[in-house]
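This report concerns only the one structure given below.
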Amino acid sequence: KAAERSADCLFCKIVAGEISADMVAESESAVAFKDINPKAPVHVLVVPRKHHADVSALAGASPEALADVVALADQVASDLADGQYRLICNVGPKAGQTVFHAHAHVLAGTQLTGF
Ligand code: 5GP
Ligand code: ZN
């Protein structure tokens, strides 16, 4: 079983409150905070509390935790925007993943174009 927390992981530190973030929502298994470099009027990261390297590992180890991430993303999009949103999960460097703790990006609050 994977460790609940990974040493030197940025998002584990944010989950633990050791690094500050602009929290917007939380649930039993996940937290949601504003992306430091927003790409849309609403750009929130939804992060499971337990460490998994990416959403692929999360899906394999804990599909219920992945479902919780999607549910919290949906709640954030309703609370901070109009409930319309794009949900992005980057898995691996080729997809642009830079933080290797599973997360989903919620983009909302404007007409989104392209991918
Ligand atoms: P990835 O490319 O791994 O899917 O996305 C990682 C995201 O984390 C990026 O959009 C980046 O702006 C965001 N990020 C990186 N460091 C921090 C931080 O210290 N605080 C917050 N709130 N977001 C961060
Ligand atoms: Zn982590």
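Numbers for the structure displayed
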quantity: Degrees, to the nearest 10: 63-80 long Cα axis against longest axis of the chain; calculated: 30 degrees
quantity: Estimated FRET transfer efficiency when R0 is 22 angstrom, pair Asn90-Leu10 (beta carbons, to 0.05); calculated: 0.90
quantity: Residues of type aspartates and glutamates that Lys94 reaches as a straight line, Cα spacing below 19 Å, ignoring anything fewer than 8 places off in the same chain; calculated: Asp54
quantity: Isolated Cys in the chain, by beta carbon distance under 4.7 Å; calculated: Cys89
quantity: Spin-label model distance (nm) - Ala71 vs Ala57, 7 Å beyond Cα toward Cβ; calculated: 2.4 nm
quantity: Phe11, Phe115, Phe100 arranged by Cβ crowding within 10 Å, fewest neighbours leading; calculated: Phe115, Phe100, Phe11
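Each reported figure results from applying straightforward, stated rules to the coordinates on display, with no laboratory input. It should be emphasised that the depicted structure is a prediction, and the values quoted were computed from it without experimental measurement. Quick reminder, even Gly has a Cβ in these numbers, built from the backbone with ideal geometry, and neighbours come from all protein chains shown.
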